[in-house]
1. Take the range 18-29 and flag every residue that is surrounded by 10 or more Cβ atoms within 10 Å (Cβ to Cβ) and either in contact with a Gly (Cβ under 6 Å, 6 or more places away or on another chain) or not basic (Lys, Arg) (or both).
2. Of these, Lys14, Lys9, Lys27, which one is within 17 Å of the chain's Cα centre (by Cα) and at pLDDT below 85?
3. Got a number for residues in the range 30-44 being at pLDDT below 80 and assigned to a helix (DSSP H, G or I)?
Amino acid sequence: MGRPCITGKGKRRKQYKHVSVAYGDKKAWLDYLDEGHTVKECIA
């Protein structure tokens, strides 16, 4: 339950916004690093 507004009407704005992430890409990236590669190799 949100806090009531005391200075005006309406709801407060959300402070945080959920951002969806493609976890498959993250997994591939972690596997790549796990094989012994470095971040510099990937960028170059």
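1. Scanning the range 18-29 gives Ala28, Trp29.
2. Selected residue: Lys14, the only one of Lys14, Lys9, Lys27 that is within 17 Å of the chain's Cα centre (by Cα) and at pLDDT below 85.
3. Total meeting the criteria: 2.
The values are calculated or read from the model by the stated rules, or taken from the named source; none is laboratory data. Bear in mind that the values here come from a model prediction, so they are computed numbers and not experimental data. Because the Cβ atoms are built from the backbone with ideal geometry, glycine has one as well, and the counts that use them run over all protein chains shown.
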